[in-house]
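The values are calculated or read from the model by the stated rules, or taken from the named source; none is laboratory data. Source: prediction; values computed, not measured. Using ideal geometry, Cβ is built from the backbone for each residue, glycine included, and neighbour counts are taken over all protein chains shown. Keep in mind that these areas ignore ligands, DNA and RNA; they rest on the heavy atoms of the full protein, side chains included. Shrake-Rupley method; radii C 1.70, N 1.55, O 1.52, S 1.80 Å.
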Amino acid sequence: MTTNITPAEHLAAVQATFSGAGDPRLADVMRSLVAHLHAFVVDVGLTRDEWFAGIDFLTRVGHMCDGQRQEFILLSDTLGVSMLVEMLAQGGVPGTTEPTVFGPFHVEGAPERALGASIVEPGGDLPGEPLTVAGTVRSLDGTPLGGARLDVWQTAPNGLYDVQDERQPAMNLRGVFTAAADGGYHFRTLRPVAYPIPGDGPVGEMLRATGRHNWRPAHIHFVVSAPGHKPVITHVFDRASAYLDSDAVFGVRDSLVVGMDGGTARFDPVLEPVA
Ligand code: BEZ
Ligand code: FE
(Lines give C-alpha, C1' and ligand atoms only; values in the text may rest on other atoms or scores of the structure.)
(Ligands and ions follow the chains in the order given, each with its own letter.)
Protein backbone atom coordinates (compact mmCIF):
# COMPACT_ATOMS: atom_id res chain seq x y z
CA MET A 1 0.00 0.00 0.00
CA THR A 2 1.22 3.52 -0.72
CA THR A 3 -1.47 5.71 0.87
CA ASN A 4 -0.93 8.03 3.84
CA ILE A 5 2.73 7.27 4.22
CA THR A 6 5.29 9.65 5.70
CA PRO A 7 8.38 10.85 3.82
CA ALA A 8 10.45 8.49 6.01
CA GLU A 9 8.27 5.51 5.08
CA HIS A 10 8.43 6.59 1.43
CA LEU A 11 12.26 6.66 1.60
CA ALA A 12 12.34 3.23 3.22
CA ALA A 13 10.13 1.84 0.42
CA VAL A 14 12.50 3.18 -2.24
CA GLN A 15 15.58 1.92 -0.40
CA ALA A 16 14.06 -1.55 -0.03
CA THR A 17 13.97 -1.91 -3.83
CA PHE A 18 17.75 -2.06 -3.97
CA SER A 19 18.05 -5.21 -1.88
CA GLY A 20 18.04 -7.33 -5.05
CA ALA A 21 21.21 -5.70 -6.42
CA GLY A 22 23.80 -8.34 -7.28
CA ASP A 23 26.59 -6.07 -6.10
CA PRO A 24 26.22 -5.19 -2.37
CA ARG A 25 28.32 -2.05 -2.84
CA LEU A 26 25.86 -0.84 -5.50
CA ALA A 27 22.96 -1.44 -3.08
CA ASP A 28 24.75 0.59 -0.36
CA VAL A 29 25.58 3.45 -2.72
CA MET A 30 22.00 3.62 -4.06
CA ARG A 31 20.42 3.53 -0.58
CA SER A 32 22.67 6.35 0.59
CA LEU A 33 22.14 8.34 -2.61
CA VAL A 34 18.35 8.31 -2.33
CA ALA A 35 18.54 9.05 1.41
CA HIS A 36 20.56 12.21 0.71
CA LEU A 37 18.41 13.21 -2.28
CA HIS A 38 15.19 12.83 -0.30
CA ALA A 39 16.69 14.70 2.66
CA PHE A 40 17.67 17.56 0.33
CA VAL A 41 14.17 17.79 -1.14
CA VAL A 42 12.63 17.85 2.36
CA ASP A 43 15.27 20.24 3.73
CA VAL A 44 14.69 22.96 1.14
CA GLY A 45 10.99 22.18 0.62
CA LEU A 46 11.68 21.82 -3.10
CA THR A 47 8.79 23.12 -5.22
CA ARG A 48 7.65 21.48 -8.44
CA ASP A 49 8.99 24.45 -10.45
CA GLU A 50 12.37 24.21 -8.71
CA TRP A 51 12.50 20.47 -9.31
CA PHE A 52 11.83 21.07 -13.01
CA ALA A 53 14.46 23.85 -13.18
CA GLY A 54 16.95 21.37 -11.72
CA ILE A 55 16.02 18.73 -14.32
CA ASP A 56 16.38 21.36 -17.07
CA PHE A 57 19.78 22.43 -15.70
CA LEU A 58 21.11 18.85 -15.62
CA THR A 59 19.74 18.23 -19.13
CA ARG A 60 21.66 21.26 -20.40
CA VAL A 61 24.80 20.09 -18.58
CA GLY A 62 24.50 16.78 -20.46
CA HIS A 63 23.94 18.48 -23.82
CA MET A 64 27.14 20.51 -23.27
CA CYS A 65 29.25 17.34 -23.03
CA ASP A 66 31.14 15.91 -25.99
CA GLY A 67 34.58 14.41 -26.64
CA GLN A 68 36.27 17.73 -25.78
CA ARG A 69 34.01 19.22 -23.11
CA GLN A 70 32.87 17.52 -19.89
CA GLU A 71 30.39 19.85 -18.23
CA PHE A 72 29.43 17.24 -15.59
CA ILE A 73 33.05 17.11 -14.35
CA LEU A 74 33.09 20.91 -14.32
CA LEU A 75 29.92 20.83 -12.23
CA SER A 76 31.50 18.33 -9.85
CA ASP A 77 34.64 20.51 -9.67
CA THR A 78 32.76 23.72 -8.93
CA LEU A 79 30.62 22.04 -6.24
CA GLY A 80 33.77 20.78 -4.49
CA VAL A 81 32.93 17.12 -5.16
CA SER A 82 35.98 16.34 -7.31
CA MET A 83 38.31 17.70 -4.64
CA LEU A 84 36.52 15.68 -1.95
CA VAL A 85 36.90 12.47 -3.98
CA GLU A 86 40.65 13.16 -4.36
CA MET A 87 40.97 13.87 -0.65
CA LEU A 88 39.43 10.47 0.14
CA ALA A 89 41.29 8.59 -2.62
CA GLN A 90 44.77 9.95 -2.16
CA GLY A 91 46.15 11.97 0.70
CA GLY A 92 45.58 12.08 4.36
CA VAL A 93 48.97 10.71 5.43
CA PRO A 94 50.81 13.50 7.27
CA GLY A 95 54.09 14.41 5.62
CA THR A 96 53.07 13.28 2.12
CA THR A 97 52.31 15.72 -0.68
CA GLU A 98 48.71 16.85 -0.58
CA PRO A 99 46.56 15.94 -3.58
CA THR A 100 44.38 18.23 -5.61
CA VAL A 101 42.03 18.01 -8.59
CA PHE A 102 43.13 16.32 -11.82
CA GLY A 103 41.13 18.66 -14.08
CA PRO A 104 40.07 17.98 -17.67
CA PHE A 105 43.24 19.11 -19.49
CA HIS A 106 45.65 16.21 -18.93
CA VAL A 107 46.73 14.51 -22.16
CA GLU A 108 48.06 10.94 -22.28
CA GLY A 109 51.34 10.43 -24.10
CA ALA A 110 53.05 13.76 -23.36
CA PRO A 111 56.67 13.71 -24.59
CA GLU A 112 59.35 12.20 -22.38
CA ARG A 113 61.86 15.01 -21.89
CA ALA A 114 65.44 15.02 -20.56
CA LEU A 115 66.09 16.52 -17.12
CA GLY A 116 66.66 20.24 -17.53
CA ALA A 117 64.73 20.42 -20.81
CA SER A 118 62.04 22.98 -21.53
CA ILE A 119 58.39 21.92 -21.79
CA VAL A 120 57.83 24.72 -24.31
CA GLU A 121 57.52 23.19 -27.80
CA PRO A 122 59.13 24.96 -30.78
CA GLY A 123 56.68 27.69 -31.80
CA GLY A 124 54.95 27.59 -28.42
CA ASP A 125 57.04 30.28 -26.79
CA LEU A 126 54.40 32.92 -26.02
CA PRO A 127 55.67 36.07 -24.29
CA GLY A 128 56.03 35.23 -20.60
CA GLU A 129 58.42 34.92 -17.69
CA PRO A 130 60.96 32.07 -17.91
CA LEU A 131 60.77 29.73 -14.91
CA THR A 132 62.87 26.75 -13.77
CA VAL A 133 61.12 24.24 -11.53
CA ALA A 134 63.33 21.92 -9.48
CA GLY A 135 63.10 19.57 -6.54
CA THR A 136 63.64 16.08 -5.16
CA VAL A 137 61.11 13.25 -5.04
CA ARG A 138 61.26 11.34 -1.76
CA SER A 139 59.47 8.57 0.08
CA LEU A 140 57.78 9.36 3.40
CA ASP A 141 60.91 8.31 5.36
CA GLY A 142 63.07 10.72 3.33
CA THR A 143 64.59 8.14 0.96
CA PRO A 144 65.14 9.76 -2.45
CA LEU A 145 63.12 8.09 -5.19
CA GLY A 146 65.46 7.86 -8.17
CA GLY A 147 63.53 6.98 -11.32
CA ALA A 148 60.29 8.60 -10.11
CA ARG A 149 58.08 9.80 -12.96
CA LEU A 150 56.77 13.36 -13.09
CA ASP A 151 54.02 14.14 -15.62
CA VAL A 152 53.56 17.94 -15.79
CA TRP A 153 51.21 20.25 -17.69
CA GLN A 154 50.13 23.88 -17.53
CA THR A 155 48.62 26.76 -19.50
CA ALA A 156 50.61 29.15 -21.65
CA PRO A 157 50.93 32.79 -20.49
CA ASN A 158 47.69 33.52 -22.39
CA GLY A 159 45.82 31.33 -19.88
CA LEU A 160 45.04 28.55 -22.37
CA TYR A 161 46.12 24.92 -22.55
CA ASP A 162 47.43 23.74 -25.94
CA VAL A 163 44.22 21.72 -26.43
CA GLN A 164 42.14 24.92 -26.12
CA ASP A 165 44.27 27.06 -28.39
CA GLU A 166 44.89 26.54 -32.13
CA ARG A 167 47.89 28.89 -32.00
CA GLN A 168 49.89 26.57 -29.74
CA PRO A 169 51.65 23.45 -31.04
CA ALA A 170 50.42 20.10 -29.73
CA MET A 171 52.01 19.08 -26.43
CA ASN A 172 53.07 22.63 -25.67
CA LEU A 173 53.82 23.02 -21.94
CA ARG A 174 53.55 19.31 -21.24
CA GLY A 175 56.24 16.78 -20.45
CA VAL A 176 57.18 13.61 -18.61
CA PHE A 177 60.43 13.59 -16.63
CA THR A 178 62.30 10.79 -14.87
CA ALA A 179 64.02 11.81 -11.64
CA ALA A 180 67.79 11.20 -11.37
CA ALA A 181 69.24 8.53 -9.04
CA ASP A 182 69.20 11.05 -6.16
CA GLY A 183 65.49 11.80 -6.74
CA GLY A 184 66.31 15.20 -8.26
CA TYR A 185 64.50 16.70 -11.21
CA HIS A 186 64.37 20.07 -12.92
CA PHE A 187 62.75 21.50 -16.01
CA ARG A 188 62.30 24.83 -17.72
CA THR A 189 58.96 26.44 -18.49
CA LEU A 190 57.06 29.74 -18.51
CA ARG A 191 55.57 31.09 -15.31
CA PRO A 192 51.93 29.97 -15.12
CA VAL A 193 49.10 32.51 -14.93
CA ALA A 194 45.65 32.56 -13.35
CA TYR A 195 42.99 31.53 -15.87
CA PRO A 196 39.19 31.12 -16.06
CA ILE A 197 37.62 27.67 -16.33
CA PRO A 198 35.00 27.46 -19.11
CA GLY A 199 32.09 29.78 -18.26
CA ASP A 200 30.01 29.56 -21.44
CA GLY A 201 27.76 26.68 -20.30
CA PRO A 202 25.23 25.96 -17.53
CA VAL A 203 28.02 25.70 -14.93
CA GLY A 204 29.05 29.27 -15.80
CA GLU A 205 25.39 30.30 -15.37
CA MET A 206 25.31 28.65 -11.95
CA LEU A 207 28.50 30.47 -10.91
CA ARG A 208 27.16 33.87 -12.03
CA ALA A 209 23.72 33.29 -10.48
CA THR A 210 25.38 32.52 -7.14
CA GLY A 211 27.79 35.47 -7.28
CA ARG A 212 30.89 33.34 -7.90
CA HIS A 213 33.74 33.80 -10.39
CA ASN A 214 35.26 31.10 -12.60
CA TRP A 215 38.99 31.74 -12.04
CA ARG A 216 41.75 29.40 -10.89
CA PRO A 217 45.01 30.70 -9.39
CA ALA A 218 48.23 30.16 -11.40
CA HIS A 219 49.44 26.56 -11.12
CA ILE A 220 51.41 23.74 -12.70
CA HIS A 221 49.85 20.26 -12.66
CA PHE A 222 51.88 17.23 -11.55
CA VAL A 223 51.26 13.50 -11.38
CA VAL A 224 54.21 12.02 -9.48
CA SER A 225 54.63 8.25 -9.31
CA ALA A 226 57.30 5.75 -8.27
CA PRO A 227 57.34 1.96 -7.87
CA GLY A 228 56.04 0.83 -4.48
CA HIS A 229 54.35 4.18 -3.83
CA LYS A 230 50.91 5.71 -4.22
CA PRO A 231 50.94 8.19 -7.12
CA VAL A 232 49.93 11.73 -6.21
CA ILE A 233 47.83 13.99 -8.44
CA THR A 234 48.61 17.53 -7.44
CA HIS A 235 49.60 21.09 -8.45
CA VAL A 236 52.06 23.72 -7.34
CA PHE A 237 50.50 27.16 -7.04
CA ASP A 238 52.26 30.51 -7.48
CA ARG A 239 52.33 32.39 -4.15
CA ALA A 240 51.97 35.70 -6.02
CA SER A 241 48.82 34.67 -7.89
CA ALA A 242 45.35 36.14 -7.51
CA TYR A 243 42.50 33.79 -6.54
CA LEU A 244 44.49 31.64 -4.07
CA ASP A 245 41.69 32.26 -1.56
CA SER A 246 38.83 31.70 -3.99
CA ASP A 247 39.82 28.96 -6.44
CA ALA A 248 36.68 28.13 -8.47
CA VAL A 249 37.30 24.40 -7.90
CA PHE A 250 38.52 24.52 -4.25
CA GLY A 251 41.90 22.95 -5.09
CA VAL A 252 44.35 25.16 -3.16
CA ARG A 253 46.23 23.75 -0.15
CA ASP A 254 48.76 25.90 1.72
CA SER A 255 51.45 23.22 1.42
CA LEU A 256 51.23 23.43 -2.40
CA VAL A 257 51.81 27.19 -2.63
CA VAL A 258 55.40 28.06 -3.58
CA GLY A 259 57.34 31.18 -4.56
CA MET A 260 57.89 31.67 -8.30
CA ASP A 261 59.57 35.11 -8.19
CA GLY A 262 63.11 35.37 -9.53
CA GLY A 263 62.67 32.71 -12.19
CA THR A 264 62.81 29.64 -9.95
CA ALA A 265 60.33 27.46 -8.07
CA ARG A 266 61.01 24.52 -5.77
CA PHE A 267 58.68 21.56 -5.30
CA ASP A 268 59.72 18.44 -3.35
CA PRO A 269 57.07 15.72 -3.72
CA VAL A 270 56.78 13.15 -0.92
CA LEU A 271 55.05 9.87 -1.78
CA GLU A 272 53.33 7.37 0.49
CA PRO A 273 54.76 3.83 0.32
CA VAL A 274 52.27 1.06 -0.32
CA ALA A 275 52.54 -2.15 1.68
C1 BEZ B 1 42.53 22.65 -14.32
O2 BEZ B 1 43.22 23.04 -13.42
O3 BEZ B 1 43.08 22.38 -15.39
C4 BEZ B 1 41.04 22.57 -14.15
C5 BEZ B 1 40.53 21.96 -13.02
C6 BEZ B 1 39.15 21.88 -12.87
C7 BEZ B 1 38.31 22.42 -13.83
C8 BEZ B 1 38.84 23.04 -14.96
C9 BEZ B 1 40.21 23.12 -15.10
FE1 FE C 1 44.90 23.74 -14.63
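Rounded to the nearest 5, the antiparallel percentage of DSSP beta bridges internal to region 72-225 is 90%.
The DSSP beta bridges internal to region 218-275 are antiparallel in roughly 80% of cases. Here the Gaussian network model covers the chain, with springs between Cα atoms less than 10 Å apart; of Asp56, Asp28, Asp151, Asp28 fluctuates the most.
A 1.4 Å probe over all protein chains sorts Trp153, Trp51, Trp215 by accessible area into Trp51, Trp215, Trp153, starting with the largest.
Over the chain, what is the relative contact order in percent, taking alpha-carbon pairs closer than 8 angstrom and at least six residues apart?
Details: 493 pairs, mean separation 57.9, N = 275.
It rounds to 21 percent for the chain.
Helix content alone sets the calculated 222 nm mean residue ellipticity of the chain: runs of n ≥ 4 DSSP H residues at -39500 (n - 2.57) each, divided across all residues, give -8000 deg cm²/dmol. Bridge orientation summary for the chain: considering DSSP beta bridges with both residues in this region, about 75 percent are antiparallel.
Per-residue surface analysis assigns Leu37 an accessible area of about 90 Å², computed on protein heavy atoms at 1.4 Å probe radius. Kirkwood radius for the chain, taken over all pairs of different Cα atoms as the inverse mean of 1/r, rounds to 21.1 Å. Each residue of region 236-252 was assigned a 3J(HN,Hα) from its phi angle through the Karplus expression (A = 6.51, B = -1.76, C = 1.60, θ = phi - 60°), giving 10, 9, 7, 4, 8, 6, 6, 6, 4, 8, 8, 3, 4, 10, 6, x, 6 Hz with x at Gly and Pro. Taking the Cβ of Pro169 as the center, what net charge do the other residues with Cβ under 11 Å away carry, scoring Lys and Arg +1 and Asp and Glu -1? My count for the surroundings of Pro169 gives -3.
For the chain, the per residue solvent-accessible surface stands at 53 Å², with DNA, RNA and ligands left out and a 1.4 Å probe. Residue ranking by accessible heavy-atom surface, 1.4 Å probe, largest first, among Met206, Met83 comes out as Met206, Met83. Sites listed here are trypsin sites (Lys or Arg not before Pro) in region 124-202 whose DSSP assignment is loop and whose Cβ has at most 15 other Cβ atoms within 10 Å: Arg167. Just checking the listed ones, Thr210, Thr97, Thr143: in the Gaussian network model of the chain with Cα springs under 10 Å, the one fluctuating most is Thr210.
Leu190 sits among other residues whose Cβ lies under 10 Å from its own Cβ, and their net charge, with Lys and Arg +1 and Asp and Glu -1, is 0. Surface composition of the chain: carbon and sulfur atoms hold 60% of the protein heavy-atom accessible area at a 1.4 Å probe. Exposed loop sites, defined as GluC sites (Glu not before Pro) outside DSSP H, G, I, E and B with at most 14 other Cβ atoms within 10 Å, are absent from the longest region of the chain, namely 167-275. When region 42-169 is described by a simple charge dipole with +1 on each Lys and Arg Cβ and -1 on each Asp and Glu Cβ, the residue from Phe102, Leu115, Gly54 located farthest towards its positive end is Leu115. Comparing Ala134, Ala39, Ala170 in a Gaussian network model of the chain, where Cα atoms under 10 Å apart are tied by springs, the biggest mean-square fluctuation is seen for Ala39. Calculate the length of the line joining the C-alpha centroid of region 201-275 to that of region 103-178, in whole Å. Each part's Cα centre sits 14 Å from the other's. The fraction of all Cα pairs in region 129-275 landing in successive 10 Å bins from 0 to the largest distance is 11, 37, 33, 15, 3, 0, given as whole percents.
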